[in-house]
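The values are calculated or read from the model by the stated rules, or taken from the named source; none is laboratory data. Only a predicted model underlies this, so the values are computations on that prediction, with no experimental measurement involved. Positions of Cβ are generated from backbone atoms using ideal geometry, with glycine treated the same way; all protein chains shown enter the neighbour counts.
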Amino acid sequence: MNRYPLWKYILIVLLIGIGVIYALPNLYGKDPALQISATRSAEVSELTEFQVSNALEEAGIKYKTMDLGVESLTIRFDNEEVQLKAQSVVKESLGRSYVVALNLAPSTPEWLRGLGAEPMFLGLDLRGGVHFLMEVDMEAAIAKAEERYISDLRSDLRENKIRYKTITNAKEGGLLLRFRDANERDNGQQLIKDNFADLNVAVPDNESGEPQLTATIKEEVLVETQRLALQQNITTLRKRVNELGVAEPVIQQQGLNRIVVQLPGVQDTARAKEILGATATLEFRLVDEKHSPQDALDGRVPAGSKLYYERTGQPILLKKQILLTGDAIINAASGFDSLSGSPNVSITLDGKGAKRMSHGTRDNVGKRLAVVFIENKVEYVEENGELVEKKETIEEVINAATIREQLSKRFQITGLDSTQEARTLALLLRAGALAAPIYIVEERTVGPSLGQDNIDQGFDSVLIGFILVLLFMAVYYKVFGLVANVALALNLVLIVAMLSILQATLTLPGIAGIVLTVGMAVDANVLIFERIREEIRNGNSPQASIYSGYEKAFSTIADANITTLIAALVLFSFGTGPIKGFAVTLSLGIISSMFTAIMVSRGLVNLIYGNRRLQKLTI
């Protein structure tokens, strides 16, 4: 009656064995570490390893291990104090060609890593993760808006055959339009009033001789432009974080122009900094074939053109008019060029962008089109004992190819240095262009925001609750209580294993979910044992009582756990951050407790009592 077939025991042992293996990495903890990765102009190699090793030895800093990976170098230390000292030394030694990021590297043995076993992530309120405070350059957002108006004004004036000299940015702010005569100026003023409701247009008071107009963006439009720039940047950062695959990120506005990004449990902090900190976008400009770059180098930059440099350092003259920007890109994928075999990025444009690209290339077949890669960075340099912010804009031409045919919605970018750069560029473009440059003004790898006490108290709460339940079950239900205790211990192991397999992030509310699960998991056994006692009181034999207890209590247990699981799923669907963390651990706890409280405990009871003639049952 109370016997399991062999396959059920094999299944139980197999699942528990897998659970133990995947829970083990959490016992080994993490080492404070530095993760070194290269920018586009450098690479991490054995020479880098040698240079870093020498710099640390000269500074008298000891490290545990130094591991050279495919694209990064990881150095482990004994504690955070040594880690921070080492970061300053390594940064000074390697210069700006490398990203030196703080990290927490798992101490998992190689044999476990070979099985794919990794520790679960811990949230920022426990330990580990990255905190960025980012500032949006609102002046650049306004300048970008003005640039769009300049382009639109030029197009409308030409279409309406209104002759103008130049449209430029005014020194006092806004736009300055210069016309050939007063009649053209008046026509231009009326056109702007009719077609550009967002602009205030006026004749300047200090007009001398030459007919001019000033156009400024209305105040309410400026405020809306800044608000939208901030919101678009938040949306773009969310997409980039999704590309990184971070669990439970926090991305929220702080003040009028700042964004807080918290990435709990991130291992590759260097990669996170590279992706989030970069404000890469593209501009497509026609090459100025009529003038020589040497004229620009000599200080005689032709009107309507701008001097750039190719990656080889070769100067190239491009037209100021932008054919297309990265805003129009809706998809980007890295791959290889079918002809040359070199890395490339396939670009897909939206409808408006495709139309502009088609019109721009239709009349310029045979001419060269340049792809300008633009990246904004900010560095903090120590000067006279103070940290000084220095902004840097990198503009380089990554490709200047002849237009063979009219381009449209899909085309390719070639001329990239490596497959890694192609992947990174595709990721940035796929995630969307930032509405305005964004700078990392604060970066830190944070420990528990609620303090080490909360970590200890969270662990103690699980331990104390677990021990009290064990004692009660052992005293009240005797042998059956010990069986329930074994099932409860295995339940905790399986929860940790599932969190590790899913690479979920454990937060303080997540610990609360585990504590709640400890109490709920033993409820199932209480229902079963009380049903067995009731059957014995009704005069049934011990074996029949055990069988009836498990069979009749199952529907009640299933009903209670399913309703709780539905509540947990609702919390996960509508909750955010910590609420989701609680819902995840609660859901996993319910699933594992159903397995351990019913199947595992029944298997143990069958092993103990299944093949015996029982006169009396101690429960």
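Being touching a Gly at 6+ places or on another chain (Cβ under 9 Å) and assigned to a strand (DSSP E or B) is the filter here, so list the residues in the stretch 104-126 that pass it. The answer is L104, P106, F121, L122. Taking the criterion of being in a helix (DSSP H, G or I), more than 13 Å from R285 (Cα to Cα) and of a type in the set (D, E, K, R), the residues of the stretch 344-372 that qualify are K352, K355, R362.
Would you call V82 hydrophobic (A, V, I, L, M, F, W, C), farther than 30 Å from L256 by Cβ, at pLDDT below 80 and more than 19 Å from the chain's Cα centre (by Cα)? For V82, the condition - hydrophobic (A, V, I, L, M, F, W, C), farther than 30 Å from L256 by Cβ, at pLDDT below 80 and more than 19 Å from the chain's Cα centre (by Cα) - is not met. Within the span defined as the stretch 61-82, one or more residues are part of a helix (DSSP H, G or I), of a type in the set (D, E, K, R) and either over 25 Å from A504 (Cα atoms) or touching a Lys or Arg at 6+ places or on another chain (Cβ under 6 Å) (or both). Answer yes if at least one residue in the stretch 282-303 is touching a strand residue (DSSP E or B) at 6+ places or on another chain (Cβ under 7 Å), buried (at least 21 other Cβ atoms within 10 Å of the Cβ), closer than 25 Å to T348 by Cβ and modelled with pLDDT under 75, and no otherwise. Yes. Which one is modelled with the lowest pLDDT among residues in the stretch 28-59 that are outside any helix (DSSP H, G or I) and of a type in the set (A, V, I, L, M, F, W, C)? Top of the filtered list is A42. The single residue among L490, L463, L482 that is in contact (Cβ under 8 Å) with a residue 60 or more places away in the chain and either part of a loop (DSSP other than H, G, I, E, B) or under 23 Å from F595 (Cβ atoms) (or both) turns out to be L490.
Would you please name the residue that is nearest to K218 (Cα to Cα), looking only at residues in the stretch 157-177 that are buried (at least 16 other Cβ atoms within 10 Å of the Cβ) and not hydroxyl-bearing (S, T, Y)? In this case the residue turns out to be G174. Selection over the stretch 1-60 of residues that are more than 30 Å from I75 (Cβ to Cβ), surrounded by fewer than 13 Cβ atoms within 10 Å (Cβ to Cβ) and free of Cβ contacts under 8 Å to residues at least 12 places away in the same chain gives a count of 7. Going through (1) at pLDDT 85 or above; (2) surrounded by fewer than 21 Cβ atoms within 10 Å (Cβ to Cβ) one by one, P542 falls short only on (1). Look at the stretch 162-188: where a residue is more than 20 Å from D198 (Cα to Cα) and β-branched (V, I, T) and a partner is part of a strand (DSSP E or B) and modelled with pLDDT of 85 or more, sitting 6+ places away or on another chain with Cβ atoms under 9 Å, you get I162/F179; T166/L176; T166/L177; T166/R178. Criterion first (surrounded by fewer than 13 Cβ atoms within 10 Å (Cβ to Cβ) and touching a Ser or Thr at 6+ places or on another chain (Cβ under 8 Å)) does S97 satisfy it? Judged against the criteria, S97 is a match. Looking at the stretch 510-567, which of the residues that are under 28 Å from R613 (Cβ atoms) and charged (D, E, K, R) is farthest from the chain's Cα centre (by Cα)? The qualifying residue farthest from the chain's Cα centre (by Cα) is R537.
Give the residue that is surrounded by the most Cβ atoms within 10 Å (Cβ to Cβ), with candidates limited to residues of the stretch 127-143 that are touching a helix residue (DSSP H, G or I) at 6+ places or on another chain (Cβ under 8 Å) and part of a helix (DSSP H, G or I). Result: A141.
You will find that of A553, A558, A568, the residue that is crowded, with 18+ Cβ neighbours inside 10 Å, under 19 Å from I495 (Cα atoms) and without any contact (Cβ under 8 Å) to a residue 60 or more places away in the chain is A568 and no other.
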